[in-house]
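Just so it is clear, none of the values below were taken in a lab; they were calculated from the coordinates. All values reported here derive from a predicted model rather than from experimental measurement. Cβ: placed from backbone, ideal geometry, glycine included. Neighbour counts: every protein chain shown.
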Amino acid sequence: MFKEWLKDDSKIILFDGGMGTEIFKRGIKPGKLPDILNLEQSEIVTEIHKAYYDAGSDMCQTNTFGSSYMNLQKYKLENRIKEINERAIENLKEVCPPNHLIVGDIGPSGEYKPPIGKATYEQWYSSYLKQIKYLEPGIDLWHIETISDIEEMVAAIQAVKEVSKKPIISSMTYKKTKRGFFTIMGNSLKDCIEKVENENVDVVGGNCTLGSKEMIELIKEMKNITNNPLSIKPNAGKPRLNQGGITHYDQSEQDFAKDILQIVKSGAKIVGGCCGTSPKTIKEIKTVLDDLV
Amino acid sequence: MLQESFYKEISEAIVSLDRNKAISFAKKAIEENMNLLNVVEKGFGAGIRRIGELWEEGEFFLPELMLGGTIVQESMEILLPYLKADKEDVTSGKVVIATIEGDIHSIGKTIVATMLSANGFEVYDLGVDVSAEKIINTALEKNANIIGVSALLTTTMIGQKKLIEILLKKGIRDKFKVILGGAPVTQNWVNECQADGYADNAIEAVKLIKKLMD
């Protein structure tokens, strides 16, 4: 179904919004990995997925952003990799309506290559492979996201391709510099797009770090580089803690949705939100997109 | 004049991230009995400042920052024993830095620590997941000027506020400047915590601390 959506020129695919920030709103204990809630408080995860589908998301992603082997190791949870990933699918399946899709979410390993860290291609590849094989049976497509080193992205894509023939959205995270958009590791936008296209991904994307206004600029530059379908998930400004320790984001949902409209008009095929966006944001985007048609 | 060109060579070795050259220059300066304070300030210091500028210009990224910082750190370790008598003159200040309890994110904090150290600060990096009490105790013990507290998560940044509350409660808030770091930190948060500042990246952090030390 995803590939048909990609071919349908009139279809804009609505992705979901933030998961981590929604979980934190419900008061997770500091230092806890949000993904562990798949097992310990699955009703919260399911409730958030449902809220996104209800708000209009065509597809939602599993709560597995931090469930690669290397990242789980940091929380001493690597022995639970199978149950965390498998339960993530169950939690999402429970509320996924007919004709909607389930996306397998793959986030960064949290480890960098030298001179910053010690990670190698082989470590990344095997870490992702361990996660991917548990997600593969239950998902419709992949979203590899928030990666800031193109080598790590390539390792993740190649690990997916080792076990899966399902479509891949490959989404890096960029910062804006005086010389254009780069990852913090120094990979240029052009370099990143060319490298993931060499790996034959289905959709090229950008998410996190940048807000919706900067993403309008990003998509225009992406459009100049590639003819592949594009996916964009911006952050909702910067977080703020109020007196009670509750996180707020300053940008209004209406303002965010207005920018998303610009992003769609500039060529995005898939849109959603990253940190700080909520089902309310997705609902607002849905309204704006419905008006467009 | 000859010395000026030597300082320039050092600075260029740092900017081109040439570790072997930088270290051999440090050794040469010692062997030839040069004014090491000048070597540090006009050679190595100038190099690391240029790296900061290149970061701001979007020419350099994390790998260059980290590599440049490490090279200067290593060179300083060679030079420092010979500077002992003048150590107070080369030390820009003492900084105790850590990622707060409950938070295991280390990259940002480590890069800030490396850059501070490369810029002449005496840095005590306590690592990640460190309690506010431990950070304060170390700062007291080392007679630090600055406490740097990092938090990447909105759930752990509350610990930054807690640290300052403890300082206030103990009546020792004035002993230290407290700066905050981490992706979710904003000026509003600094105000609410009654901290002394925050920085978006390692280069800004060095500038901020230098300003606070003035």
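Summary table below
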read-out	value
Chain A: C-alpha gyration tensor shape, a/c 1.5 cut-off, then a/b vs b/c	rounded
Cα extents of region A:86-163 along the three principal axes, largest first (Å)	47, 21, 18
Compactness index (Cα Rg / 2.2 N^0.38 Å), region B:145-214	1.03
Distance between modelled label sites at B:Asn33 and A:Lys213, nm, 7 Å Cα→Cβ extension	6.1
Cα centroid of region A:77-108 to Cα centroid of region B:168-214, whole Å	40
Scattering curve values for region A:165-234, log₁₀ I(q)/I(0), Debye with Cα scatterers, q = 0.11, 0.14 Å⁻¹	-0.22, -0.36
Beta bridges per DSSP with both ends in chain A, % antiparallel, nearest 5	25
Region A:174-228 versus region A:1-57: alpha-carbon centroid distance in Å	23
Degrees, to the nearest 10: B:158-170 long Cα axis against longest axis of chain B	80
Isotropically averaged projected area of the protein assembly as shown, using the convex hull of Cα atoms (one quarter of hull area), nm²	24.1
Selection from B:Leu140, B:Ala202, B:Val123 lying farthest towards where the dipole of chain B points positive, charges on Cβ	B:Leu140
0 to 90° range, to nearest 10: angle between helix B:19-31 axis and chain B longest Cα axis	70
Translational diffusion coefficient (Stokes-Einstein; Kirkwood radius from C-alpha pairs) of region A:58-106 at 20 °C, 1.002 mPa s, in µm²/s	189
Quotient of C-alpha Rg and 2.2 N^0.38 Å, computed over chain B	1.05
Relative compactness, region B:89-184, computed as alpha-carbon Rg over 2.2 N^0.38 Å	0.99
Percent antiparallel among DSSP beta bridges (both partners in the protein assembly as shown, rounded to 5)	15
Principal-axis tilt of helix B:132-142 within chain B, Cα atoms, nearest 10 degrees	40
Neighbour net charge for A:Leu189 - beta-carbon separation under 12 angstrom, K R +1, D E -1	+3
10 Å-binned pair-distance histogram of region A:1-82 (Cα, whole percent)	16, 40, 27, 14, 2
Length-normalised contact order of chain A in % [C-alpha pairs under 8 Å, at least 6 apart]	20
For residues of B:58-66, the mean tally of beta carbons on other chains within 10 Å	6
Lysine pairs meeting the criterion (Cα under 18 Å, 8 or more apart or interchain), as found in region A:101-195	11
